[in-house]
1. Output wanted: per-residue J couplings in Hz (rounded whole) for the stretch 15-21, from phi through Karplus 6.51 cos²θ - 1.76 cosθ + 1.60, θ = phi - 60°, x for Gly and Pro.
2. I want the local charge near Gln82. Using Cβ-Cβ distances under 10 Å, sum +1 for each Lys or Arg and -1 for each Asp or Glu among the other residues.
3. Between Thr4 and Ser25, with labels modelled 7 Å along Cα→Cβ, what's the label distance in nm to one decimal, could you check?
4. Which order do Asp62, Asp69, Asp30 fall in if you start with the one that has the fewest other Cβ atoms within 10 Å?
5. Loop-only check: which chymotrypsin sites (Phe, Trp or Tyr not before Pro) in the stretch 1-82 are DSSP coil with at most 14 other Cβ within 10 angstrom?
6. Residues of the stretch 67-86 with backbone nitrogen within less than 20 Å of a virtual label 7 Å along the Cα-to-Cβ line of Ser52, please, listed as ranges.
7. Within 10 Å of each residue's Cβ, count the other Cβ atoms and sort Glu76, Glu63, Glu84 from fewest upward.
8. Averaging over all projection directions, find the projected area of the Cα convex hull of the stretch 2-106 and quote it in nm² with one decimal place.
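Derivation of every value follows stated rules applied to the coordinates shown; laboratory data play no part. Please read these numbers as outputs of a predicted model, since none were measured by experiment. Positions of Cβ are generated from backbone atoms using ideal geometry, with glycine treated the same way; all protein chains shown enter the neighbour counts.
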Amino acid sequence: MIFTIDVAGYFFNHFDLNQFPAFVSQVGVDSKPLWIELISGLPKVPFISIASIRGRTQGGGDELTLAFDLRYASKELAVFNQPEVGVGLFPGSGTDLLSQLAGGDRARNPL
């Protein structure tokens with residue numbers, strides 16, 4: 001299944017930090033946060049998931065993108081970043097996936 005976004009200039013943006021309390025209060029099975037459930041569940045679906053990235057993806061968007069089986073990014077339009085770093089926070093769980101996919105040295109380069 002190919003995932004695309006029809007919003008010009010974006011693939012999947014980071015969540016609004018002003019909405020953080022509501023975001024973390026959303027829980028799924030076994031009181032697991034819904035966001036973590038999505039990120040950890042996507043690689044287990046019974047079909048190949050493909051991200052077609054033609055715009056900005058940052059923070060949680062990066063984490064979601066890394067959970068897909070395959071990622072195709074436009075050389076001209078795709079932009080990746082971790083805004084948490086700019087406010088003094090560690091990036092989310094996606095950085096673990098990045099180091100598994102690209103290797104430790106290459107994963108640390110964008111940080």
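1. Once rounded to whole Hz, the list reads 5, 6, 4, 5, 9, 3, x.
2. -3
3. A separation of 3.8 nm, rounded to one decimal place.
4. Asp30, Asp69, Asp62
5. Phe47
6. Under 20 Å, as judged by backbone N against the label point of Ser52, lie 67-80 of the stretch 67-86.
7. Neighbour counts put them in this order, fewest first: Glu76, Glu84, Glu63.
8. Convex hull of Cα atoms, orientation-averaged projection: 7.7 nm².
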